[in-house]
Amino acid sequence: MANDLDAEAHLCGRLYAALAELERLGEGGNHSLGRPDVLRKLALEPSKHLTKHLHLAGKYLLAARNRGQGAAAAAVFRSLPDLLPAGRNLPGSLRDTALQERFHEGRAAQEAALGKAGAR
């Protein structure tokens, strides 16, 4: 079970980074997922905060297209299903320090992947 939660924490970090990039492409530089206080809350309780942004992903995609960022946003949008943890729901709580570290490792890995793909 601990290994499953460890993997889910990593995937949630990757999902966060992808959603943050999608929101940035749609909303511009002052997007909510780009704020450090939001990142701290989200890393503690992914289900509570990421679910809202998953519901808004289509809106971000359309806004990005309207801002001339459609191709980059579409690539990020298509990656979202692969970043969802295998369980039915996102983890509710990642309060353990090791799980927090795995979340941030996943975030950094996804940000690096986005950079290599030219989405950033």
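Observations on the structure shown:
- Dipole magnitude (debye, nearest 20) for segment 31-89, charges at Cβ of Lys, Arg, Asp, Glu: 160 debye
- Positive-end extreme of charge dipole, segment 75-120 - chosen from His104, Leu94, Pro81 (charges on Cβ): Pro81
- Note on Lys59: aspartates and glutamates with a C-alpha under 12 Å away, same-chain residues under 8 apart excluded, are Glu23, Glu27.
- Exposure of Val38 as accessible area (Å², to 10), given a probe of 1.4 Å and all protein chains: 30 Å²
- Here the chain is described by how far its Cα atoms reach on the three principal axes: 43, 25, 24 Å, from widest to narrowest.
- Computed over protein heavy atoms with a 1.4 Å probe, the accessible surface of the chain works out to 55 Å² per residue.
- Highest-fluctuation residue, Arg65, Arg88, Arg40 considered, GNM on the chain with Cα pairs under 10 Å: Arg88
- FRET efficiency for Arg65 and Ala113, using Cβ-Cβ distance with R0 set to 25 Å, rounded to 0.05: 0.70
- Working from label points 7 Å from Cα in the Cα-to-Cβ sense, the Lys41 to Ala7 distance is 3.1 nm.
- In this Cβ point-charge picture (+1 for Lys and Arg, -1 for Asp and Glu), the chain has a dipole of about 460 debye about its Cα centre.
- Note on Ser93 and Arg78: the extension gain reaches 2.8 nm, defined as 0.36 nm multiplied by sequence separation minus the Cα-Cα distance.
- Placing unit charges on each Cβ (+1 for Lys and Arg, -1 for Asp and Glu) gives the chain a dipole about its Cα centre, and among Leu114, Leu22, Leu62 the Cα reaching farthest toward its positive end belongs to Leu62.
The values are calculated or read from the model by the stated rules, or taken from the named source; none is laboratory data. These figures come from a predicted structure and were not determined experimentally. Cβ atoms come from the backbone with ideal geometry, glycine included; neighbour counts cover every protein chain shown. Accessible surface areas use protein heavy atoms only, side chains included; no ligands, DNA or RNA. Shrake-Rupley method; radii C 1.70, N 1.55, O 1.52, S 1.80 Å.
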